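Enquirer: Structure incoming, see below.
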Amino acid sequence: MLKKTLFIFSVLLTVTALSSFVVEKKQKAIKTIIIDAGHGLQKNGGYNGAKGSYSYEDEICYEVSKKLVKMIGNEFPDIKIIETRPTHNITEIHERADIANQNRGDLFISIHVNAAPPKQHREFVGNKTVVSYTGKGKKRKKVTRKVPQYRYYTTPNPSKGTETYIWGSHKNEDKEIVIRENAPMLGEENYRDKYGDVDPNSPDFIALSLLKTKQFFKRSATLVGMVEEEFAKVGRASRGQKQRQVGIWVLQATAMPSVLVETGYITNREEEDYLNSDKGQEEISVCITNALRGYITWLEKSQTPITGKGNPVINTQKSYAFLKDIEDREKKRMAIKNK
Ligand SMILES: [Zn+2]
């Protein structure tokens with residue numbers, strides 16, 4: 001009997017513990033935001049981001065992030081803002097994820113600048129006569145032939161506009177592990193005293209962190225759509241919301257909704273000027289802050305699209321279409337995998 005009571009008691013404890021992990025109590029939708037300025041000066045003083053005709057991605061990420069931090073701070077004084085790269089110097093990629101996870105961020109926003117390789121061209125400039133000889137002795141013959149000559153040159157890539165990314169859905173497993181390892185309760189001191197023997201590797205725990213992964217994916221995809229909509233509103237060339245297959249490890253290494261904003265092309269002279277200008281950097285920050293406002297309202301309205309008066313009217317259609325597209329592709333991918 002005692003054994004049975006103990007068993008029921010421990011089940012109850014586990015359920016309480018798990019529900020505190022999954023069901024967020026009625027509290028602010030977002031308490032902590034992580035702002036991640038991409039790249040930064042290496043120890044040898046060199047830049048490591050993309051390069052424009054006169055400026056560096058590292059510096060633009062820094063300036064935009066600083067403006068964004070200030071703007072979010074003014075707009076949402078209750079939200080704690082943590083910078084992963086508060087100075088001009090680089091923060092190593094693993095450190096960025098650690099800072100985000102240790103500070104238990106509710107949202108991770110990474111700021112980057114895009115680049116595209118120059119376009120290669122070939123132009124015919126005329127023929128060159130090349131003389132050669134065949135045969136030996138009396139049979140020796142002079143042969144002339146014409147060889148076309150080309151001039152090779154490059155021009156700047158005209159690509160321009162914004163892109164906002166979430167992690168690739170094929171990385172959901174990585175994200176799930178990170179979420180499990182960073183479950184809020186595990187961060188509490190003496191969590192075993194409070195919750196009993198909760199095993200982060202138990203099937204229940206894994207199932208719940210999978211749900212959490214799905215939720216974070218939906219949230220991230222929604223915010224991504226909102227960010228791109230804001231860019232489109234101010235006349236930026238919005239290249240849309242995307243899933244990146246490679247290269248943004250930090251998005252799946254953070255146990256929270258996470259997005260990466262490519263704020264424009266440094267390789268396009270017009271956009272390079274924009275990205276380096278106070279006006280451009282302000283505008284980018286306004287767009288992201290507006291999207292954030294819409295996202296918070298959306299979260300507070302239990303994830304229903306916002307149409308009511310008094311609230312910023314966000315057209316979440318784009319986000320839902322994007323989610324549907326991802327889900328369809330993921331289904332196809334799983335179908336192939338299971339064959
Ligand atoms: Zn970058």
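Enquirer: Within the range 50-65, is there a residue that is more than 21 Å from the chain's Cα centre (by Cα) and within 15 Å of the ligand (Cβ to nearest atom)?
Expert: Quick first cut of the range 50-65, residues more than 21 Å from the chain's Cα centre (by Cα) only: 52-55.
Still in the list and also within 15 Å of the ligand (Cβ to nearest atom): 52, 55.
Yes, the range 50-65 has at least one match.
Enquirer: Among the residues of the range 262-287, count how many are away from the ligand (no atom under 16 Å from the Cβ) and either of a type in the set (Val, Ile, Thr) or without any contact (Cβ under 8 Å) to a residue 24 or more places away in the chain (or both).
Expert: 7
Enquirer: Something else: If we keep just the residues of the range 149-201 that are more than 30 Å from Glu229 (Cβ to Cβ), of a type in the set (Ser, Thr, Tyr) and part of a helix (DSSP H, G or I), which is modelled with the highest pLDDT?
Expert: Tyr191
Enquirer: Could you list, in sequence order, the residues of the range 38-49 that are farther than 20 Å from Thr164 by Cβ and either within 16 Å of the ligand (Cβ to nearest atom) or buried (at least 22 other Cβ atoms within 10 Å of the Cβ) (or both)?
Expert: Residues satisfying the conditions are Gly40, Leu41, Gln42, Gly46, Tyr47, Asn48.
Enquirer: Among residues belonging to the range 104-124 that are more than 16 Å from the ligand (Cβ to nearest atom) and surrounded by fewer than 17 Cβ atoms within 10 Å (Cβ to Cβ), point out the one that is farthest from Ile284 (Cα to Cα).
Expert: Phe124
Enquirer: Conditions: (1) closer than 30 Å to Ile33 by Cα; (2) away from the ligand (no atom under 15 Å from the Cβ). Glu92 meets all but one. Number of the miss?
Expert: (2)
Enquirer: Would you be able to say whether some residue in the range 68-91 is assigned by TED's automatic domain parsing to the domain that holds Val250, surrounded by fewer than 16 Cβ atoms within 10 Å (Cβ to Cβ) and modelled with pLDDT under 95?
Expert: no
Enquirer: Enumerate the pairs (first residue in the range 39-53 and within 16 Å of Val64 (Cα to Cα); second residue anywhere and of a type in the set (Asp, Glu) and within 14 Å of the ligand (Cβ to nearest atom)) with beta-carbon separation below 6 Å, excluding pairs fewer than 6 apart on the same chain, so at least 6 apart or on different chains.
Expert: That search, which allows pairs on different chains as well, returns His39/Glu57; His39/Asp58; Gly40/Asp58; Gly49/Glu57; Gly49/Asp58; Ala50/Glu57.
Enquirer: Another one. Check off (1) within 16 Å of the ligand (Cβ to nearest atom); (2) outside any helix (DSSP H, G or I) for Gln243 and give me the number that stays unchecked.
Expert: Tallying (1) within 16 Å of the ligand (Cβ to nearest atom); (2) outside any helix (DSSP H, G or I), Gln243 fails exactly one: (1).
Enquirer: Could you check the range 25-37 and list, in sequence order, the residues that are in contact with a Ser or Thr (Cβ under 6 Å, 6 or more places away or on another chain) and either within 14 Å of the ligand (Cβ to nearest atom) or modelled with pLDDT under 95 (or both)?
Expert: Once the filter is applied, which keeps residues that are in contact with a Ser or Thr (Cβ under 6 Å, 6 or more places away or on another chain) and either within 14 Å of the ligand (Cβ to nearest atom) or modelled with pLDDT under 95 (or both), the range 25-37 yields Asp36, Ala37.
The values are calculated or read from the model by the stated rules, or taken from the named source; none is laboratory data. Note that the structure is predicted; figures quoted are calculated from it, not measured. Virtual Cβ from ideal backbone geometry, glycine too; neighbours counted across all protein chains shown.
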